[in-house]
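Notes follow the structure.
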Amino acid sequence: MTGLIQSALGGGRALLVGWILPSLINVLVFGFVVVPNLSRFEALGAETGRAAIFGLVATAVLGLVLAALQTPLYRVLEGYLGWPRWLIATRRRHHLARKHLLRNRVDAVTLAGQERAGCLAAADQPVLAALRAHPIISRHLAPDVTKGEVWFALLNERLHRYPLDDRQVAPTQLGNAIRRFEEYGYDRFRLDSQVLWHELNAAAPDSARQQTDDARMSVDFFISLLYGHLIVAGAAIVDLAVGTASRPWLVAVVIAGLLPLTMLWYRLAVVATDEWAGAVRAMVNLARHPLAAALGLTLPQRLEDERAMWRLASGLVDTGFRPGLSALDAYRTAPSEPSAAPTSPPSRSSLPAARSSPAAPAAAADTPRSGGEPAGP
């Protein structure tokens, strides 16, 4: 029994907290409101065994099914699956405009602060004048400055939930919040963390790996609640439509309450990705060196050379060997020799071109692999 408890709280903790616990909440709502005659939740004193069996079986089945389907469930909310092309294009334009407005608002507040402090550079003066002349940015500038440092930090937080590369902007808030840390390794080091995620996870320190699992568990919790609410609300609507509801007024109240709650859980899932992003960032930063050693490579001293090395290594793992990838030999460590910096890094002309990202249809070739795969970072 002790071993089972330790297993549930150890390796199965993410499943238990991220998917089973929210499923229990939804099963209780479903049992008390939608099918009280079947669940017997209202007669716990008389039929405790039947109620307990219904609750345990329904919770386990719902939690395990949602956990097994987590990849497509995430992709729907990220805007990668089940969305028509015209809607994807429309929502991407919306989020691009929103990102650019946040960027301009942050820049305007920063330059205005430098102007008040008397340290605004001459080259930045026409930039600030152009921002003040813009009809939309000027409307936000005065309130943004008046609200102070806390508001400025919140603006920066909202801006940082978007990927740096405009070509990687997704159609939804959750898609962008996840995409910003999926592109981190590639943007900084050309290490495609989507391609090398399992290798990176195996090479990372235990503390970094645990931190990533815990951070993602919070997002899973809200995603599971969201989909569970939709399932319960759908069942309640069917119950009302066929006229089998024992208390129609209560079923209607539950439907009216669950649908707005799904939007709240979505918003909280977006906010919870901040911790997930920090954990993935730490994993990339801390696991690069042990990953290189495990792959038989040596990190170069120059950052530009390291970016070239990871680009080659990511291409080798993702697409297999092809002409040009032999340039990776310059970074390989002889099995009998200690790690040392490579002596002859490959020239830029010898590097193979990176493939395009399916996450952003308009993306150029030099982009990291598409997101929408929550089993990765």
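Filtered by the rule that a residue be within 20 Å of Leu111 (Cβ to Cβ) and either of a type in the set (S, T, N, Q) or open to solvent by 60 Å² or more (accessible area, probe 1.4 Å) (or both), the stretch 154-170 gives Leu154, Asn156, Glu157, Arg158, His160.
Got at least one residue in the stretch 107-124 being within 18 Å of Asp165 (Cα to Cα), charged (D, E, K, R), open to solvent by 80 Å² or more (accessible area, probe 1.4 Å) and in contact (Cβ under 8 Å) with a residue 24 or more places away in the chain? Give the derivation first.
Let us first name the residues in the stretch 107-124 that are within 18 Å of Asp165 (Cα to Cα), namely 107.
Among the residues that remain, those that are also charged (D, E, K, R) are: 107.
If we keep only those that are open to solvent by 80 Å² or more (accessible area, probe 1.4 Å) as well, we get none.
Scanning the stretch 107-124, I find no residue that is within 18 Å of Asp165 (Cα to Cα), charged (D, E, K, R), open to solvent by 80 Å² or more (accessible area, probe 1.4 Å) and in contact (Cβ under 8 Å) with a residue 24 or more places away in the chain, so the answer is no.
Of everything in the stretch 234-273 that is open to solvent by 40 Å² or more (accessible area, probe 1.4 Å) and among the small types (Gly, Ala, Ser), the residue that is modelled with the highest pLDDT is Ala256.
If you take the residues of the stretch 125-147 that are closer than 19 Å to Arg98 by Cα and of a type in the set (D, E, K, R), which of them is surrounded by the most Cβ atoms within 10 Å (Cβ to Cβ)? Selected residue: Asp144.
Checked against the criterion of being touching a Gly at 6+ places or on another chain (Cβ under 8 Å), of a type in the set (Ser, Thr, Tyr), surrounded by 13 or more Cβ atoms within 10 Å (Cβ to Cβ) and in a helix (DSSP H, G or I), the stretch 223-231 contains one or more residues that satisfy it. Taking the criterion of being open to solvent by less than 70 Å² (accessible area, probe 1.4 Å), among the polar types (S, T, N, Q) and modelled with pLDDT under 75, the only residue of the stretch 14-53 that qualifies is Ser39. Quick check: anything in the stretch 155-175 part of a helix (DSSP H, G or I) and over 30 Å from Thr71 (Cβ atoms)? Checking the stretch 155-175: at least one residue is part of a helix (DSSP H, G or I) and over 30 Å from Thr71 (Cβ atoms).
Can you find a residue that is among the charged types (D, E, K, R) and in contact with a helix residue (DSSP H, G or I) (Cβ under 7 Å, 6 or more places away or on another chain) anywhere in the stretch 317-327? No; the residues of the stretch 317-327 include none that is among the charged types (D, E, K, R) and in contact with a helix residue (DSSP H, G or I) (Cβ under 7 Å, 6 or more places away or on another chain).
The values are calculated or read from the model by the stated rules, or taken from the named source; none is laboratory data. For clarity, every value in this text was computed on a predicted model and none was experimentally measured. Using ideal geometry, Cβ is built from the backbone for each residue, glycine included, and neighbour counts are taken over all protein chains shown. Just so you know, the surface numbers come from the protein's heavy atoms only, side chains and all, with ligands and any DNA or RNA stripped out. Shrake-Rupley method; radii C 1.70, N 1.55, O 1.52, S 1.80 Å.
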